[in-house]
Amino acid sequence: MSDVVELARKPAVLEVPATLGALGEIAAFVLRLAARARLGTGATYRIRLAVDELATNIVMHGYRGGEGRITVLGRSGPDGVRIVIEDTAPAFDPVAGRLPPAPRVPPERRRVGGLGIHLALTSVDAYTYAHRDGRNISTLTVKAEGTDACPPRP
């Protein structure tokens with residue numbers, strides 16, 4: 001399966017302060033893009049979950065409640081939705097910070113943190129992270145075709 005997704009040429013852009021209060025605005029932005037792409041309910045939920053988890057982590061752990069900005073760029077088209085989230089918080093690769101599920105370990109003995117990122121990143125069809133010019137850049141893609149079921153992961 002190809003990772004190429006044909007999307008609208010000009011991205012929609014949202015820039016918000018890195019606060020918990022701005023998360024609703026980010027979610028509404030993602031939902032508009034999903035509606036424009038006519039994503040199914042499952043795919044819409046998956047992209048919103050992933051973006052919300054990443055944005056929350058930027059606010060809570062990246063900027064640690066300090067001042068900062070989050071820029072969200074989105075493209076939607078008949079093939080799906082691609083979201084790029086950028087921030088200038090300290091470098092952090094979410095893939096390196098995620099925890100795989102530990103179903104045999106009782107909840108009270110599991111390490112705290114990282115599971116939300118794991119769930120978010122395994123819910124999208126493609127995810128990349130880069131740190132360039134002092135910016136964390138996360139790119140998430142959900143494809144329109146066959147999107148109601150979560151894609152299988154190794």
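Where a number appears in this text, it was derived from the coordinates with a stated rule and is not lab data. If you're wondering where the values come from, they're calculated on a predicted model, not measured in any experiment. Every residue, glycine as well, gets a Cβ built from its backbone with ideal geometry; the counts of neighbours run over all protein chains shown.
Ranked by the mean number of other Cβ atoms within 10 Å of their residues, highest first, the peptides 31-37, 130-136, 80-86 fall in the order 80-86, 31-37, 130-136. Ranked by the mean number of other Cβ atoms within 10 Å of their residues, highest first, the peptides 40-46, 138-144 come out as 138-144, 40-46.
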